[in-house]
Structure formats: C-alpha cells, structure tokens
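Report on the structure given below.
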Amino acid sequence: MINEQTRSILIFSLTLVVLCIIVSIFPYEYRDSDSSCYSAISQRLAFEPLSTWCAPQWWGHGGNQGLFREHPPGILWLPALLVRLGARPNVAALCANFIYLLLSLFFVYKLAGRWGGPILGWGVALGIILTPIFLQYLIRANQEPPLNLAVLAGIYGLARCQEDRRGGWIFMAALVLAVLIKGISVLLLSMLAGLFWLIVARNRRTFVLIVIGHLIVAAVMVLFELWYRGVAHQSFWQIYYSIQSARSLGGHFNLLRKGYNIAWYAARVLWFSAPWTIYLIYEAIVSPKKKFDFFRDSFVRYLFLGSLGIMVFFSFSDRKADRYIFPAYILLALVGVAAFLKVRPKIMDLLRRQERRLPMILSFLLVGLTFLRIFFHSHLYRFIRFWPQ
C-alpha cells in the first residue's frame, strides 16, 4: 500500500501528463504577445548550445533582431529543456506553465494547511482554481505563473524555516527563481520577506535567513553577469536596468495619478480574485466581530498587507497591466477561501468525508477546466475588458 502523499504525487504527475497531451492534441493559438514571444524564442533556444542559453536572440520575433534583454532568460529555459527532452516545440511552453501552476497549488495547499490542516489546504486549492485569474492563466506561457510560484514558495519557506533548514533552502531557491524569471520583480519577494519578519516572525533566525538569501541572489546575479559577458561581450544587468527604468519610471511624479493607479489595481483584485474578495468584503461589513477571529491571525494580516504592498509597489509606475500584480490575486484568494471554509463547518465536514478523493477531484477539475479554457479561448476569446488603462 502506498501512503497518501505518494498517491497524491502520482495523481498530479499523471494530471501533468494528461494536460500536456490535451494541449498537444487540440488546436491552440497563442493570442497574447508575451506567450507567443517566449514560446517562439524558447523553441529556437532549444537547438542552441547550452553554453549560450544566457544570451538568447530575438530571432526576428515581432520584427525584433539582436539580443533578447527584456528580462532575464529564465522563462525560456524550462520550455527549451522540454523541447530537448522530446516535447512538441509549439506546446513546450504550455507544459512548462502547467508545471508552474501545479507547483503553485502545492504551495497554496501547504500554506493553508499550516493553520487549518490538510483538509483546509485541499479546500483552498479547489477554491483558487475557480478564480478568474487562475482560469485566464491556465494556458499561458508568460512570466506571471513562475513568478507567483517563487512568491508562494518563498513565503512557505519563511514560514517553515522556524521548524527546519529545508524552509531556508526553499526561500533561497525562490529568490533565485524570481530574479532569473523577471529580474527586478524579485523585489516583490524581498518586500514580502521584510513584511514577514515585521509581522509574523520578528526573530534573529528569520532575519539572518533573509539576509543570506539576498546575498545568494546577489552572487547569482554576478555569476550570470560573468556568463553573459563571456557570451555576448557586454553587460546584461546594466542594459536591462536601463530598459526597465525608462519604461517604468519615466515622467513626472503625480500623487493623484498614483492614487488612481492604486484604485485601478484594486478593481482588478476585486474581479480576478472573485468570488473570494467579494466574500471578504461582505463578511467584513456584515459580521466583523461574530465570525472573524480568523483575521486576528498575524499570518492573515501579513497576507493582506503583502497584497496591498504589491499594489502600491506597481502603482508608482504609470505603466499598468493586470498581470503585474498576479501574486496579490492569489494571496487574497487564498485568504478568502480559507476564511470562507473556517466559518462553514458543514463544508469542512463534507471535505473531510471526501478526503481520500480530493486529489482526484482537483485533478479532474483541472482537466475539465483546461478543455473549457481551450474552447472559450478559441471561440469566444478570453475575458471582457473593463476600465481601460
């Protein structure tokens, strides 16, 4: 007899295979520019020597030529590796995305389970896959899912580091993943780590871990720079910073404009984390004292403030996009589903009675939603846009 953990791993390994088969068999067209870009470049990169993977080319995608320096090339490496291992080139980036999403659900399960046990963990994972943000990014090939994975893994690593060293290694790996996937966006995890120390675990061990993690990231950046200079004979980080600062920090500072940006992102949170954000607002208005001892938990307050911090961080730039605050959607949805289940013992009892079936239920839901996502994306596009930039 295999234990429950091994059984769950086998189920989700099979789920990954099925999802990859689905996108390999059924026609799918990349319609967002980022997914199309990263898929096309990673396909070409797969046939280049590994020693040059630090400096991919545009290879004419979108009419661009020369070195690709929009972001570090980490987003390209897993799809390129999958192509080398035999995956169909045009779906390798989608298969990589499924890996990121399944690992993210694992860390959602572990985080929720820390204050409510495995049943709450499964319930939260089930709730999150029904949010608009998860459905929209279920079949994509851009940076947000792996960056979100880094954020969730980093938070879990910090929470676990109080118990054993494995948590520290997870946190440091998450920082490295974040910087290689989206460069400057590693500051999101840095900010969340600082808030964790201030709100949840203000102790020496956590502080030292955060410092060591950032020293390791600095070392990785230096090593990557040396690798890049050896291949491209120029600096990566200097040019990358120039590109990003020109895009994000240009123009004059306008306080009213920054306030508008926060409101714009708040509206996105309300929709993309629905229905759980709407539920949180309802409960905060209707029964703040009767039911919501849940919100006295320091970790829950941390997730709220962390989500707000992400929105404020990106509001300083007038260059906005729904995807920029992706981790904020997932963190608030996590809180919303957990709060919903905490005050509904009957639903928790139902989940408890189905505990052995929950991994399979989640697996079937993911497969079914993937079919629906392909159909609606192909025939009805994605989501109706509202309140433009």
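Shape annotation for the chain: C-alpha extents along the principal axes are 62, 49, 46 Å, from largest to smallest. Toward the positive end of the charge dipole of the chain, with +1 on the Cβ of Lys and Arg and -1 on the Cβ of Asp and Glu, the farthest Cα among Ser235, Leu175, Thr52 is that of Leu175. With one equal scatterer per alpha carbon and no solvent term, the Debye-computed log10 I(q)/I(0) for region 39-177 at 0.10, 0.14, 0.18 1/Å reads -0.41, -0.74, -1.04. Each Cα pair under 8 Å and six or more residues apart adds its sequence gap; the mean of these over the residue count of the chain is a relative contact order of 20 percent. Restricting the trypsin sites (Lys or Arg not before Pro) of region 185-232 to loop positions (DSSP other than H, G, I, E, B) with no more than 13 neighbouring Cβ atoms within 10 Å leaves Arg202. At a Cβ-Cβ separation cutoff of 4.7 angstrom, cysteine residues of the chain with no neighbouring cysteine are Cys37, Cys54, Cys161. Centre-to-centre separation between the Cα atoms of region 130-171 and those of region 193-238: 17 Å. For the peptides 24-35, 48-59, 309-320, the ranking by mean Cβ contacts within 10 Å, running from highest to lowest, is 309-320, 48-59, 24-35. For Glu163, what charge total do you get from the other residues with a beta carbon under 11 Å from its beta carbon, if Lys and Arg give +1 and Asp and Glu give -1? Its environment carries a net charge of +4. Computed about the Cα centre, the dipole magnitude for the chain is approximately 840 debye when only Lys and Arg (+1) and Asp and Glu (-1) carry charge, each at its Cβ.
A Förster radius of 41 Å, combined with the Cβ-Cβ distance separating Phe376 from Ile199, puts the computed FRET efficiency at roughly 0.55.
Its DSSP H runs of at least 4 residues, each contributing -39,500 (n - 2.57), put the calculated 222 nm mean residue ellipticity of the chain at -23000 deg cm²/dmol, to the nearest 500. Distant-in-sequence amide contacts of Gln57, defined by a placed amide H-H separation under 5 Å and a gap of 5 or more residues or a different chain, comprise Phe68.
Name the residue farthest towards the positive end of the dipole of the chain from the options Asn90, Thr206, Phe68, assuming +1 on Cβ of Lys and Arg, -1 on Cβ of Asp and Glu, about the Cα centre. Result: Thr206. Assign one of three labels to region 166-210, namely rounded, prolate or oblate, based on the Cα gyration tensor with a ≥ b ≥ c the square roots of its eigenvalues; rounded applies when a/c is under 1.5, prolate when it is not and a/b is larger than b/c, and oblate otherwise. In terms of gyration-tensor shape, oblate. What the Kirkwood sum gives for region 145-235 is a hydrodynamic radius of 13.3 Å, with every pair of different alpha carbons counted.
The numbers here are math on the coordinates, done by the rules we state, and not lab data. Here the structure is a predicted model, which is why all the values come from computation and not from measurement. When we count neighbours, we look across all protein chains shown, and the Cβ atoms used for this are built from the backbone with ideal geometry, even at glycine.
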